[in-house]
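The values are calculated or read from the model by the stated rules, or taken from the named source; none is laboratory data. Note that the structure is a prediction, hence the values are computed from the model and not measured. All Cβ positions, glycine included, derive from the backbone under ideal geometry; neighbour counts span all protein chains shown.
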Amino acid sequence: MPRSVFSQLVLVIALVLAGTLAIAIVLSRVLVSEPAGAQLLRAMQGFADVAEEVARSESNERAMQVLRDGGLEVRMDAPAQARPRFAPLLRALQEQAPQQLSPGRELRISRDSGRSVAWLRLDTTPAIWVSFPVDRRDHRVRRFSIGLLLGCALLVWLAAAHFARRLVMPLRRLAHAAPDFVRGESPPLDTSSGPREVAELARALDRASTEAREAAEERTLMLAGISHDLRTPLTRLQFALALLPDADPELRAGMDRDIGEIDAILSQFIAYARDGRDEAMESLDLSALCRQAVSAMPDGWASALPEQAPLRGRPLALMRALENLLGNAQRHGAPPFSLRLERDGANWRVEVADHGPGIDAANATRMRQPFVHGGKGTGLGLAIVERVARQHGGELQLASNAPQGLRATLVLRADGMAEAGMGAGR
C-alpha cells in the first residue's frame with residue numbers, strides 16, 4: 001500500500017473506476033447488446049418470412065430479386081464462418097440465433113472486405129443466403145459505450161483529483177509547518193481552503209505550540225533566574241574566603257575548588273536555559289572556531305584542521321558546543337587528546353577523541369540526555385552539544401575510540417539547515 005494520502009486516494013479512485021468499467025461492460029451487454037441482437041433477429045425473421053413465401057408461391061429467382069430490391073445481398077453458396085470477434089452485438093446474435101430462428105434457418109457471421117456480415121440461410125430449396133451488415137451498428141454501440149465510460153471516468157477523475165488536492169495540500173502544508181509547531185513557534189498557515197477537520201487540527205497544534213512555548217519560557221526564566229541569583233552569594237563567599245587571614249591553605253584551596261565547581265555548574269544551567277535559538281544564523285569559519293576552542297584548552301591537544309571550513313550557523317552556540325566537547329574529554333577522558341575537522345559530503349564532522357575509560361554502546365544514547373552524568377558535573381554538557389547539533393541539521397555521535405577511549409563526533413550541515421524533527425525540549 002502506498003504511504004501518502006494522495007497515493008492512497010489515487011489507488012482507491014483507480015480501483016473504483018476499474019470496478020465501474022467492469023460493471024458497465026456487463027450492463028452494456030445486458031442492456032444494449034442483447035436487446036439489439038434480439039431486435040435484429042426479429043427483423044431478419046420478417047425478411048425471411050416474406051422471402052420464403054415469395055419462393056413458395058412463385059420461384060427462388062423471384063424471391064432473390066425481391067431481396068435485392070430491398071438492398072440485401074443474396075447468394076446460393078454457403079459463406080465461410082469467420083473467427084469470433086470481441087463484439088457484443090455479434091456475440092448476442094450468435095447466442096440468440098439458435099433459440100429465436102425458425103426451423104430450417106441458420107445464422108453465420110463472416111468477414112467481407114474488413115467488415116462483419118450476418119448471413120441468414122432461408123428455409124428454401126435450394127437454400128438462399130441473405131446478408132445483413134452489422135459492423136456499422138456494432139461500431140456505433142461500442143463507440144457510444146466507450147465514449148460514455150471514458151466521459152464518466154474523466155468526470156469522476158477530475159472531481160476526485162479536485163477533492164483530493166483540497167485534502168492533501170493543507171495536510172502537506174501542515175506537515176511542513178509541524179517542526180515549527182514542535183519548536184514552539186507559530187508559523188503562518190492558511191487552511192481556509194481545506195476541509196474543516198484540517199483547520200481544526202491546525203488550530204489545535206497552534207494552541208499546543210503556544211502552551212508549550214509559554215511553559216518552556218517559564219522554565220527557562222526560572223532556571224536562569226535561580227542560577228543567576230545563586231552567583232551573588234557565591235561571589236561574596238569567594239571574597240570573604242580571600243580575606244580570611246588565618247585560614248588553612250588546604251581548606252582554602254578546597255573551598256575555592258568547590259566554589260569554582262558550583263560556578264561552573266551554574267554556568268551550565270544558564271547555557272542550557274539559553275539554548276541559542278534566538279541567535280541569528282550567519283556565515284562563519286568552523287575551522288577558526290575550532291582553533292579558538294583548542295587554544296583555550298591546556299596543552300596536550302593535537303588538532304587536524306583545514307585552512308577554512310565555511311558554514312552557516314550560530315557562532316556562540318557552536319563555540320559553546322565545542323567547549324563542552326573539549327571540556328568533557330578533558331574532564332572524563334585521558335590524554336592524548338585530538339580534535340579533527342573534515343568534510344563529509346554536505347556535512348562537516350568535528351571529531352573529539354580521548355584515551356580515557358570511554359563508554360559502552362548501551363550508554364551512548366543515555367549520556368546525551370540532560371542531567372545524565374558519570375559522577376561529575378551536571379550532565380548538561382553533551383545535552384547542549386546535541387541540541388546545538390540539531391539546530392544545525394546534524395547530530396552528536398558517541399563511539400568507542402579503539403583501542404581505548406571515547407570519540408565524540410559533532411555532525412553539522414554545511415548550509416546550516418535545521419533538522420525537521422528538532423524538539424523544543426532538547
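For (1) in contact with an Asp or Glu (Cβ under 8 Å, 6 or more places away or on another chain); (2) charged (D, E, K, R); (3) at pLDDT 90 or above, each residue gets a yes or a no:
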{"site": "GLY276", "(1), (2), (3)": "no, no, no"}
{"site": "SER287", "(1), (2), (3)": "yes, no, yes"}
{"site": "GLN308", "(1), (2), (3)": "yes, no, yes"}
{"site": "LEU326", "(1), (2), (3)": "no, no, yes"}
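Just to be sure, is ALA383 assigned by TED's automatic domain parsing to the domain that holds GLU342, modelled with pLDDT of 85 or more and within 33 Å of the chain's Cα centre (by Cα)? It is false that ALA383 is assigned by TED's automatic domain parsing to the domain that holds GLU342, modelled with pLDDT of 85 or more and within 33 Å of the chain's Cα centre (by Cα).
Can you pull out the strands (runs of 3 or more DSSP E) entirely within region 278-335 that have at least 3 residues that are not acidic (Asp, Glu)?
Per the criteria, 301-304, 310-313.
Within region 94-109, identify whether any single residue is assigned to a helix (DSSP H, G or I), touching a residue at least 40 places away in the same chain (Cβ under 8 Å), touching a Lys or Arg at 6+ places or on another chain (Cβ under 9 Å) and of a type in the set (A, V, I, L, M, F, W, C), and answer yes or no. Scanning region 94-109 turns up at least one residue that is assigned to a helix (DSSP H, G or I), touching a residue at least 40 places away in the same chain (Cβ under 8 Å), touching a Lys or Arg at 6+ places or on another chain (Cβ under 9 Å) and of a type in the set (A, V, I, L, M, F, W, C). Being modelled with pLDDT of 85 or more and within 14 Å of VAL385 (Cβ to Cβ) is the filter here, so list the residues in region 349-369 that pass it. Selection gives ARG349, VAL350, GLU351, VAL352. For residues in region 397-426 being under 26 Å from the mean Cα position of the chain (by Cα) and closer than 24 Å to SER338 by Cα, which is modelled with the lowest pLDDT? Within region 397-426, the match that is modelled with the lowest pLDDT is ALA414.
Each row is one residue, and each column tells you yes or no for (1) surrounded by fewer than 15 Cβ atoms within 10 Å (Cβ to Cβ); (2) modelled with pLDDT of 80 or more.
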residue	(1), (2)
VAL10	no, no
ALA22	yes, no
LEU41	no, yes
ARG62	yes, yes
ARG75	yes, yes
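Would you point out which residue out of ALA164, ALA160, ALA127 is more than 56 Å from the chain's Cα centre (by Cα) and either modelled with pLDDT of 70 or more or surrounded by fewer than 17 Cβ atoms within 10 Å (Cβ to Cβ) (or both)?
Numbers: ALA164 fails: more than 56 Å from the chain's Cα centre (by Cα); ALA160 fails: more than 56 Å from the chain's Cα centre (by Cα).
Step by step, each of ALA164, ALA160, ALA127 is checked, and only ALA127 is more than 56 Å from the chain's Cα centre (by Cα) and either modelled with pLDDT of 70 or more or surrounded by fewer than 17 Cβ atoms within 10 Å (Cβ to Cβ) (or both).
Being at pLDDT below 80 and assigned to a loop (DSSP other than H, G, I, E, B) is the requirement here; does ARG83 meet it? Working first, answer last.
Numbers: at pLDDT below 80: yes; assigned to a loop (DSSP other than H, G, I, E, B): yes.
When the stated conditions are applied, ARG83 passes them.
Any residue at all in region 96-111 that is modelled with pLDDT of 75 or more, touching a helix residue (DSSP H, G or I) at 6+ places or on another chain (Cβ under 9 Å), exposed (fewer than 15 other Cβ atoms within 10 Å of the Cβ) and under 30 Å from GLY19 (Cβ atoms)? No.
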